[in-house]
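A.B. asks: Okay, here's the structure, questions in a sec.
Quick note: the coordinates plus some simple rules give every number you see, no bench work behind them. Just so we're clear, the structure is a prediction, and the values are computed from it rather than from any experiment. Quick reminder, even Gly has a Cβ in these numbers, built from the backbone with ideal geometry, and neighbours come from all protein chains shown.
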Amino acid sequence: MEGTPVQRPHISAALTCSAVLLLATLTACGGTADADTQRPSAPEGVTAQASSSTSVHVMWEPATDDRQIAGYEVYRGKTKVKAVPAVKRMIDVDGLTASTDYTFTVRSKDTAGNLSVPSAAIPVTTRATPPKDEEPPTAPAKLTARADGSRAATLTWQAAKDDVGVTSYDVYQEDSRIHSVPGDATTAKLTGLRPGTVYSFTVRARDASDQSSPDSNTADLTTASAPGAPASTAPTGLRAEIGKEGAEFTVDLSWDQPETGGAVPAYELYLNGRLTTTIVWGGTPPKGRAAYRLNLADPPGTRYSMKLRAKLPDGKWGDFSAQRTVVLAG
């Protein structure tokens, strides 16, 4: 006799539990349940500026991602010409042909390898082959810098001169180029700065033969602090004077000490971005303006950038001063 079917609900429950455990395991181990498949946003604000007859300068604004941007890829037409890390948002594309039309796009890439759609396509025409030009431009003059709140700044300067023509101006923050504008511009708007931070800017002019001028004067500024942020601990008014003692050059540094709530026992001095020495006072630390002499045995023409920071009463190191650049003269 055929028996009555027996229901076994515990089997279904066991299968359900197994599925839940599998899902939890995949999630915990970074499996497909946690995979990053979302594309980052496409870079905006892309510009392409013909720097010379054979090069184009491409810049863009940062993209966003639900996780993290890893870098950017720059395309000339459909050909990828450069890939850069996320911290970089400007490049020069070289090896181009004079008086030729090109189109550039930029794509962002996240840490999972997802590429954004291409940015808007930006057309640009390289400059004509310039006449013989053996003289670089003169340095831009009377550079001034104004902080626009806590995250932006405006730079203004007097135009440089060139025997053929200035094609662009490059803006440097310390020794890194961070922005470029066309040769007929004498102002630049900078964004993406940090609140309550000391910045040092210089500008160089460039001609159609890609020759750069000497640096302009240095312009310093401090961005406004964020609400509730502590006051800056950066030394201010840093000056550097070059001298000579026998075969060695001397650099006499002086600066106004920051307000730290106590005497500053030591300073770290950086040359070309690297810690060179720790200045420790032999007796009672000075009050007000401090001074230090540095001896250098390098040949004439050697270039140094210098900045320093104070040791705070709690033992931590404070904010960096503005940077000064010197060239050892014979």
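A.B. asks: What is the chain's relative contact order, in percent, from Cα pairs under 8 angstrom and six or more apart in sequence?
C.D. replies: Computed value for the chain: 12 percent relative contact order.
A.B. asks: Here's a follow-up. In terms of modelled amide H atoms, which long-range or inter-chain residues lie less than 5 Å from the amide H of Lys244?
C.D. replies: Sorted by chain and number, the residues that satisfy this are Thr250.
A.B. asks: A further question follows. Please work out the Kirkwood hydrodynamic radius for segment 47-125, using every pair of different C-alpha atoms, and report it in angstroms with one decimal place.
C.D. replies: Evaluated on segment 47-125, it is 12.8 Å.
A.B. asks: Something else about it: Work out, step by step, the length gained on full extension between Tyr292 and Ser225: first 0.36 nm times the residue separation, then minus their alpha carbon distance; give nm to one decimal. Don't jump to the answer; show the numbers that get you there.
C.D. replies: Working: separation 67, 0.36 × 67 = 24.12 nm, distance 2.95 nm.
My answer for the length gained is 21.2 nm.
A.B. asks: Follow-up question, since we're still on this one. Can you give the calculated 222 nm mean residue ellipticity of the chain, where each DSSP H run of n ≥ 4 adds -39,500 (n - 2.57) and the sum is split over every residue, rounded to the nearest 500 deg cm²/dmol?
C.D. replies: Helices in the chain give a 222 nm mean residue ellipticity of -2000 deg cm²/dmol.
A.B. asks: I've got another one for you. For segment 224-292, calculate the relative contact order in percent as a whole number, restricting contacts to Cα pairs under 8 Å that are 6 or more residues apart. Could you put the intermediate results ahead of the total?
C.D. replies: Working: 87 pairs, mean separation 18.7, N = 69.
The normalised contact order for segment 224-292 reaches 27 percent.
A.B. asks: Take the Cα atoms of segment 141-222, find their three principal axes, and give me the spread along each one in whole Å, biggest first.
C.D. replies: 41, 21, 20
A.B. asks: Could you tell me which of Ala208, Ala120, Val81 has its Cα farthest along the dipole of the chain towards the positive end, charges placed at Cβ (Lys, Arg +1; Asp, Glu -1), taken about the Cα centre?
C.D. replies: Ala120
A.B. asks: In sequence order, what are the phi-derived ³J(HN,Hα) couplings for segment 114-124 according to the Karplus relation 6.51 cos²θ - 1.76 cosθ + 1.60 with θ = phi - 60°, rounded to whole Hz, with x for glycine and proline?
C.D. replies: Those phi angles translate into 6, 9, 6, 5, x, 5, 4, 7, 10, x, 7 Hz.
A.B. asks: Could you pull out every residue, at least 5 positions away or on a different chain, whose amide H is within less than 5 Å of the one on Thr167? Hs are placed 1.01 Å off N in the peptide plane, and Pro or chain starts have none.
C.D. replies: Result for Thr167 returns Arg206, Asp207, Ala208.
A.B. asks: Shifting gears a bit: Within the chain, which is the longest segment containing none of the GluC sites (Glu not before Pro) that sit in a DSSP loop and have at most 16 other Cβ atoms within 10 Å?
C.D. replies: 135-258
A.B. asks: Quick one: if the Förster radius is 35 Å, what FRET efficiency do Thr111 and Lys189 give, using the C-beta to C-beta distance and rounding to 0.05? Don't skip to the end; give the middle numbers.
C.D. replies: On the way: r = 31 Å, r/R0 = 0.87.
Calculated value: 0.70.
A.B. asks: Just to be sure I understand the model, the point goes 7 Å from the Cα along the line to the Cβ. What's the resulting Glu44 to Asn217 distance in nm?
C.D. replies: Computed distance between label sites Glu44 and Asn217 equals 3.8 nm.
A.B. asks: Okay, next question. Can you tell me the relative contact order of segment 99-225? Whole percent, Cα pairs under 8 Å, sequence separation 6 or more. It would help to have the intermediate numbers written out before the result.
C.D. replies: Numbers: 297 pairs, mean separation 33.4, N = 127.
Once divided by the residue count of segment 99-225, the mean separation gives 26 percent.
A.B. asks: Can you list the trypsin sites (Lys or Arg not before Pro) in segment 209-302 that are in a DSSP coil and have 14 or fewer other beta carbons within 10 angstrom?
C.D. replies: Lys287
A.B. asks: With a 10 Å Cβ neighbour count serving as the proxy for reagent exposure, in which order, fewest first, do Lys78, Lys109 appear? Walk me through the numbers before you get to the answer.
C.D. replies: Values: Lys78 8, Lys109 20.
Listed from fewest to most nearby Cβ atoms, that is Lys78, Lys109.
A.B. asks: Step through the residues of segment 239-255 one at a time and calculate ³J(HN,Hα) from phi using the Karplus curve (6.51 cos²θ - 1.76 cosθ + 1.60, θ = phi - 60°), rounding each to whole Hz and writing x for Gly and Pro.
C.D. replies: 10, 9, 10, 8, x, 8, 10, x, 8, 9, 8, 10, 10, 8, 9, 9, 7
A.B. asks: Based on the alpha carbons, how large is the Rg to Rh ratio for the chain when Rh follows Kirkwood?
C.D. replies: In the chain, Rg relative to Rh is 1.17.
A.B. asks: Let me ask another. At Thr154 and Ile242, where each label point lies 7 Å from the Cα along Cα→Cβ, what is the point-to-point distance in nanometres?
C.D. replies: 3.5 nm
A.B. asks: Something else about it: In the structure shown, do any of Lys82/Lys142; Lys80/Lys161; Lys142/Lys307; Lys189/Lys307; Lys132/Lys244; Lys82/Lys132 have a Cα-Cα gap over 32 Å, and if so which?
C.D. replies: Those over the limit are Lys82/Lys142; Lys80/Lys161; Lys132/Lys244.
A.B. asks: In what order do Phe201, Phe320 fall by count of nearby beta-carbon atoms within 10 Å, going from fewest to most?
C.D. replies: Ranked by crowding around the Cβ, least crowded first: Phe320, Phe201.
A.B. asks: On C-alpha positions alone, give me the angle between the axis of helix 9-28 and the longest principal axis of the chain, in degrees, nearest 10.
C.D. replies: Its long axis makes an angle of about 10 degrees.
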